[in-house]
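Below is one structure, written out as structure tokens; comments come after it.
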Amino acid sequence: MESRIQRSGRTGRPPRLSQEAILVAAQHILDTEGPERLSMRRLAREMSSTAMALYHHVQDKDELLLLLLDAHARRYPRPELPSEPRTRLLASAQVLHDLLADCPWIVEVLSFDDFVSESALWIVENIVDAAVECGMDLEDAVYAYRVIWHYTTGELAIRVSRERVQARAERPEYREHALEFLDSVDFPRLNAVGRRWAGLTSRDDHRRGLEAVVAGLLEQKAGVTTGQQARVERVTADAVHACPCC
């Protein structure tokens, strides 16, 4: 994307700042401090510049984030996906997860669901196309993508938050302490889990959950199709029985 100076057609000595340098500095802030600390003022301090000078190269923070998202997506390798629809649906959904997990700050930015990286849309296309090849109509395929998206970003957001809290924690988690002393009569299952809860809930079970999500989506679609067919058969049978010629 061209900078505003380039778009305006100004001539003269090139500016000290560049869009590439701005993106490098912004990425550093995101990696070390998190997306909540990234602002045009903070970025200007990082670069020993002013916020107004940055606006000659990026329109605002939203454009900055979009450029960072697009750059990350372009660097991510495109794997060869399987041809069988269900397997491709799973593989594409896994790529979506891995792309986001590779750069945790993206999850927090994308939780607003208002940023789209054109360089990553090939993943969305493959998920939707695989869902259609599995027998869904286009509307249901988009619904399937949304369910996968919510599961993926939710799982990653919780993981990132947990790791951040654990890195700062100086004592066991409150939940772990509370579960250890639950009444075994009122909470028999949770009491039996006890101290094992933290280990069980921190395991990387994303793939297992993803397979369950995809299986549920396909089963849900199969159930709708079967139900529709059954209704058609019932209507047809009722019409035949009601026909005076029969």
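When the alpha carbon gyration tensor of the stretch 9-89 is reduced to an equivalent ellipsoid, its three semi-axes come out at 33, 16, 10 angstrom, largest first. Taken over the stretch 54-150, the alpha-carbon convex hull comes to 96 cubic angstrom per residue. Looking at the stretch 51-153, the chymotrypsin sites (Phe, Trp or Tyr not before Pro) that sit in a DSSP loop and have at most 15 other Cβ atoms within 10 Å of their own Cβ are Tyr55, Phe112, Phe115. Here, the stretch 97-163 is characterised by an Rg to Rh ratio of 1.00, where Rg is the alpha-carbon radius of gyration and Rh the Kirkwood radius.
Computed from the coordinates by the stated procedures, all read-outs in this text should not be read as laboratory data. Computed from a prediction, not measured in an experiment: that's the story for all the values here. Positions of Cβ are backbone-derived with ideal geometry, glycine not excepted, and every protein chain shown enters the neighbour counts.
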